[in-house]
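Below is one structure, written out as structure tokens; the observations come after it.
The values are calculated or read from the model by the stated rules, or taken from the named source; none is laboratory data. The shown structure was predicted, so the numbers you read here are calculated from the model rather than taken from an experiment. Please note: Cβ atoms are built from the backbone with ideal geometry, for glycine as well, and neighbour counts cover all protein chains shown. Protein only, heavy atoms only, side chains kept; ligands, DNA and RNA dropped before computing areas. Shrake-Rupley method; radii C 1.70, N 1.55, O 1.52, S 1.80 Å.
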Amino acid sequence: MRALEVQSLTGPAGVAVVDAPEPVADPDGASVIVDIVCGGVSFPDLLQSQGLYQYRPDPPFRPGIEAAGVVRTAPDDSGFAAGDRVCVWSNGCLAEVTASAPRDLFALPDELSFEEGAALVMNYQTAVFCMIDRAGLREGESVLVLGASGGVGTSGIQVAKGVGAGPIIGLVSTEAKGEIARAAGADHIVLISDTWKDEVLELTGGRGVDMTYDPVGGDRFLDGIRALARFGRLVVVGFAAGEIPTVKVNRLLLRNVSLVGAAWGEAVYADPTIPARIHERLLTMIESGTVKPPIGQVLPFEQAAEAYRLLDEREAVGKVLVRMQPGPAEAQ
């Protein structure tokens, strides 16, 4: 089979598609063999290829966190059967075939394509965990989403819509990216400028937003705090801008606002049952139509390094995917 391999910690230049032996089921029969149709490339994948992520394996290693495909074989007690469409959350799943524990698989609902399934796990699990479980987002609350055209931003918009929050304001750098955020469900779009925080305040009648969802960090972080309403909270999700910001805590004290750190991966490491519970909640949002992952670039597997480059150079909009092979219907 073909598999992606990080051969050196040099970012996109160190990523290559290689020939590798197909995985086999564990001797005790505990693993599910999945033929992968499509895989997602996320910002943690990029950081890992540069040796900058919390989990730092030595090269060469197999990357990948999320994918979608079809079950080839499964143990009788796994809850899955041959032919089932599934989302995969498993290290090293950017390959044509993967062996995964049943708890790392989720049913791919009929409403979603394989591409959408490959874009579902990481970003949408993160959004539910960060916005709802950690920061307590409620129906009717207003939300500002930073980096609103990327995979993390668009998932935040849709999950906020899924709980009845609104208005949802998306912050983007260009009009074209604004269209992506609007298509994902944002009610208002604000372009980055020296006065973007004032525009957000104007859109909320001077009150500010109840929540800022921040996967970006950098120089937008402080204005994300300034845009909060009294008792609002900024959710720290990541640092796509590359800079980890700091804040003087008197800003929080004097304005009665909160910072909420939210790391889905750390929580799952401590409690592996979390993803299955979140997936059940996402299924309801998928059925209602509020969650439908926007797809950005879909590249053939042999161009996987280009997917990493798009993320590295901030050219990605929506979710960046690599296509391993046709799905069952397409192969007929």
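Quick rundown of the values:
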quantity	calculated
Of all residues in region 218-254 being of a type in the set (A, V, I, L, M) and assigned to a loop (DSSP other than H, G, I, E, B), the one that is nearest to residue 265 (Cα to Cα)	237
Failed criterion for residue 51 (all others in (1) at pLDDT below 95; (2) small (Gly, Ala, Ser); (3) open to solvent by 10 Å² or more (accessible area, probe 1.4 Å); (4) in contact with a strand residue (DSSP E or B) (Cβ under 9 Å, 6 or more places away or on another chain) hold)	(4)
Residue that is farthest from residue 44 (Cα to Cα) [pool: residues in region 248-258 that are open to solvent by 40 Å² or more (accessible area, probe 1.4 Å) and of a type in the set (A, V, I, L, M, F, W, C)]	254
When residues of region 158-187 are limited to those that are buried (at least 20 other Cβ atoms within 10 Å of the Cβ) and over 15 Å from residue 291 (Cα atoms), the one modelled with the lowest pLDDT	177
Selection count, region 62-87, where residues are outside any strand (DSSP E or B) and aliphatic (A, V, I, L, M)	4
Output for region 121-147, where each listed residue is at pLDDT below 95 and part of a loop (DSSP other than H, G, I, E, B)	147
Filter result for the condition that a residue is farther than 20 Å from residue 274 by Cα and surrounded by 24 or more Cβ atoms within 10 Å (Cβ to Cβ), over 119, 148	148
Tally of residues being open to solvent by less than 50 Å² (accessible area, probe 1.4 Å) and either modelled with pLDDT of 95 or more or closer than 21 Å to residue 112 by Cα (or both) across region 84-97	9
Criterion violated by residue 271 - all others in (1) loosely packed, with under 12 Cβ neighbours inside 10 Å; (2) more than 27 Å from residue 109 (Cβ to Cβ) satisfied	(2)
Hits in region 98-116 (condition: part of a loop (DSSP other than H, G, I, E, B), more than 17 Å from residue 277 (Cβ to Cβ) and open to solvent by 20 Å² or more (accessible area, probe 1.4 Å))	110, 111, 113
Answer residue from region 194-208, given it is out of contact with any helix residue (DSSP H, G or I) (no Cβ under 8 Å at 6 or more places or on another chain) and in a loop (DSSP other than H, G, I, E, B) and is surrounded by the most Cβ atoms within 10 Å (Cβ to Cβ) among those	204
Strands (runs of 3 or more DSSP E) contained in region 1-61 and holding at least 1 residues free of Cβ contacts under 8 Å to residues at least 12 places away in the same chain	none
Only listed residue being farther than 23 Å from residue 151 by Cβ, modelled with pLDDT of 95 or more and surrounded by fewer than 16 Cβ atoms within 10 Å (Cβ to Cβ), chosen from 19, 58	19
Long-range neighbours under 6 Å by Cβ, at least six apart or interchain, first residue without any contact (Cβ under 8 Å) to a residue 40 or more places away in the chain and closer than 19 Å to residue 179 by Cα within region 283-304, second of a type outside the set (Lys, Arg) and surrounded by 13 or more Cβ atoms within 10 Å (Cβ to Cβ)	297/320
Every residue from region 276-304 that is surrounded by fewer than 21 Cβ atoms within 10 Å (Cβ to Cβ), closer than 27 Å to residue 52 by Cα and aliphatic (A, V, I, L, M)	295, 298, 299
Residue match in region 156-163 (condition: of a type in the set (S, T, N, Q), under 17 Å from residue 212 (Cα atoms), in a helix (DSSP H, G or I) and out of contact with any strand residue (DSSP E or B) (no Cβ under 6 Å at 6 or more places or on another chain))	yes
